1. Could you please tell me which pairs satisfy a Cβ distance under 7 Å, a separation of 6+ or placement on different chains, a first residue in segment A:400-424 that is within 16 Å of residue A:367 (Cα to Cα), and a second residue that is modelled with pLDDT under 95 and outside any strand (DSSP E or B)?
2. What are the residues in segment A:38-66 that are touching a residue at least 24 places away in the same chain (Cβ under 8 Å), buried (at least 17 other Cβ atoms within 10 Å of the Cβ) and touching a helix residue (DSSP H, G or I) at 6+ places or on another chain (Cβ under 9 Å), if any?
3. From the list B:41, B:75, pick out the single residue that is outside any strand (DSSP E or B) and either touching a helix residue (DSSP H, G or I) at 6+ places or on another chain (Cβ under 9 Å) or within 14 Å of chain A (Cβ to nearest Cβ) (or both).
4. When the residues of segment A:67-82 are narrowed to those that are loosely packed, with under 15 Cβ neighbours inside 10 Å and modelled with pLDDT under 85, which ends up farthest from the chain's Cα centre (by Cα)?
5. Please go through segment B:104-124 and give me each residue that is crowded, with 22+ Cβ neighbours inside 10 Å and away from every other protein chain (no Cβ under 14 Å), ordered by number.
6. Please determine, by comparing only the residues of segment A:690-708 that are assigned to a strand (DSSP E or B) and surrounded by fewer than 20 Cβ atoms within 10 Å (Cβ to Cβ), which one is farthest from the other protein chains (Cβ to nearest Cβ).
7. Output yes when any residue across segment A:317-340 is part of a strand (DSSP E or B), in contact with a helix residue (DSSP H, G or I) (Cβ under 8 Å, 6 or more places away or on another chain) and within 14 Å of another protein chain (Cβ to nearest Cβ), and no when none is.
8. In the set A:261, A:236, A:231, which member is surrounded by fewer than 22 Cβ atoms within 10 Å (Cβ to Cβ) and in contact with a helix residue (DSSP H, G or I) (Cβ under 9 Å, 6 or more places away or on another chain)?
């Protein structure tokens, strides 16, 4: 509406209505989908100049509004716009507004991949973000289950792979760096990711950076980074009680029905957060029990999470985070055979592992000036496990880290990131020995806005790593990248980087005998490296359709893998593989706002090759497809999720040939269809969400790892009460 | 859009009619009991059931090529040990066919060795009614044999194949 028309509208309608007393109040409360009040949401009556913003409790009030019909619009960056027609014909009208998160608008999503906050549309690499509401809706309990639905990510049992970086190595080392609030979270002995450590009820978002990121993050980021961002502490107290119950269906084949009762699982979480002046705290405790659909696969877990944030001033703060768990879990390594696929072999029955894992971290932030920000991060990852095998294996490790990070805005077009990191680790184990490790690193990266449309970035990291008394290793990991906005809705990006992964203490020093087969140490083991190239394009085709395409190439050198030494028949970790992974990834997202429908589809092509053996790499599906649809009429939510992997070409065939995994070569393409529904009771003014998820609806039997049938059809109900 | 979803769901259902991985047929194999008579020698560090394709008539027959199956370890000192080749394999997969030598072998080494001199045969499988020569084991397709029993008498060890200490 043009300005003179607006003035006339005000003159003829609003002013007389106020004079004659026919005016009322529109008030309301705005929350996100989990019931957390949203602060600073813009509230506007369309075609008028009346508007306001929500306060600390998410409340708003528009007074002296003339009686009449209005369109109320609520908007906030990162959320879908909300509109509602309101007829004001009494003193007060109340509305409850739930804003739903959006990942559709590419230029609005913010990530911290470059060790500072950036729009995802400004990055030179592919990245994606998963929202916590998706986790609630799907009733996920563990983060690796969530990642199976992320574009370009594969999970084999509990081992994550971004664009084919990893196969399966029973937890020895990881080629994806997982961090919680920027603090790396892998164990000091095996270097593995323990997903249960992630406080899944306390997440703000999950950022996935694809491709080597060693130039900023060092070892393990050779395949990418998953940065898990925990929730901010809200201004007002929030308590959540979350209870989840579920059950597995009977197996598809009668021959596999080993239990005379339905196998169940349950999860119970209580969390609370509050602010006292400058101090904010949040904590949660979780109890999880799973009988499992397989024999000798049960687990019981107690988890705890604590976060505090103290603001000394507007520019100085100190946060502390602790997360950990105690867990007892039975061990299911491989099936007995394909006729008894949900039962392990006799020698596995009774095997259990007790584990205790804790991650403590603190982050001190100081905004020295408008240009300079400093952060000091320190952490301790304490891990202990012991099993009940004949040899009573155990391992305890402590991994200490200290990182100083500086962000400096040199001028409006030049941004600098620099830092240094010191690590020290100790291990006490009957299979890895009593060992220690240490390392330090320096890194620097510059981002230069060349023309307003073209952003260039470049940087490098130097790493020193020393395992116990072995010779130290040095790694230099440079990178260059660009981001070019071809036009307002089309972004071209490219990245060339070198990555590396230092061998873990477990890969270097393991010495044990299992079933008569000796695993021997290899002090000669050195770092594996890769050169990663990617070019991608993102186009916002229309307001509601976004398309992203990326092609990539990854050249691996000295890949570390377990292998049999032909001179003595003993197993050792070696730098054996020169490998190449080439591929492409297409992601499309679209939305029909009028009916609250969103859909996303992703296709990933992976062409992998072990160049020494002229074979594909193990456990990498050539084709992967992920489809997610969401329909949210009113307070309801309905969703269909589907994922597909082509049959993996290469597996651990030697385990099958040796007879260790009978019928272990049985594998099929993966088709998993999940259905979900739920109701958001906040629309009725009740502080609750209810979700029902039916996973693997078709009860389809497949393996990610040989001899391990993935979860059969299961149903779960999740009730969240938030007040 | 609705039609597209309908066809997509239909296609998925059709793809999945077979339920994915199927239970396999009966794997060939055998089971039985090993009986131990007398005192176990102190020097024994590991005991296994071993299956060779060809009879051990020459030192070269004790080879990785001829060795088709090695069971997991039999615990030291037991009087009786029930076994099955299902999920009890340290090495090898039982395939249908004819085998010339099934025995219980013992070693004084902690680790597995393929040298003939590192092993002593504690008991041999004989065909019923003929204990004069090692028995032949015939395993047909999709067949699992039972009562393949072996007696190990430490007081009266069997004839050792060529190449021992």
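The values are calculated or read from the model by the stated rules, or taken from the named source; none is laboratory data. Just so we're clear, the structure is a prediction, and the values are computed from it rather than from any experiment. For neighbour counting, all protein chains shown are included, and Cβ atoms are generated from backbone atoms with ideal geometry for every residue, glycine included.
1. From residues that are within 16 Å of residue A:367 (Cα to Cα), the pairs are A:405/A:115; A:407/A:116; A:408/A:371; A:409/A:371; A:417/A:114; A:417/A:115; A:417/A:116.
2. Initial filter on segment A:38-66 (touching a residue at least 24 places away in the same chain (Cβ under 8 Å)): A:38-49, A:54, A:56-66.
Adding the requirement that they be buried (at least 17 other Cβ atoms within 10 Å of the Cβ) leaves A:38-39, A:41, A:43-45, A:48, A:54, A:58, A:60, A:62, A:65-66.
Scanning segment A:38-66 gives A:48, A:65, A:66.
3. Values: B:41 fails: either touching a helix residue (DSSP H, G or I) at 6+ places or on another chain (Cβ under 9 Å) or within 14 Å of chain A (Cβ to nearest Cβ) (or both).
Only one candidate qualifies: B:75.
4. Going through the qualifying residues, I end up with A:81.
5. Listed by number, the residues that qualify are B:104, B:122, B:123, B:124.
6. Step one: list which residues in segment A:690-708 are assigned to a strand (DSSP E or B), which gives A:690-695, A:701, A:703-705, A:708.
Okay, now just the ones that are also surrounded by fewer than 20 Cβ atoms within 10 Å (Cβ to Cβ), so A:690, A:692, A:694.
Details: A:690: 25, A:692: 19, A:694: 14 Å.
My answer is A:690.
7. yes
8. Values: A:261 fails: in contact with a helix residue (DSSP H, G or I) (Cβ under 9 Å, 6 or more places away or on another chain); A:236 fails: in contact with a helix residue (DSSP H, G or I) (Cβ under 9 Å, 6 or more places away or on another chain).
After applying the criteria, what remains is A:231.
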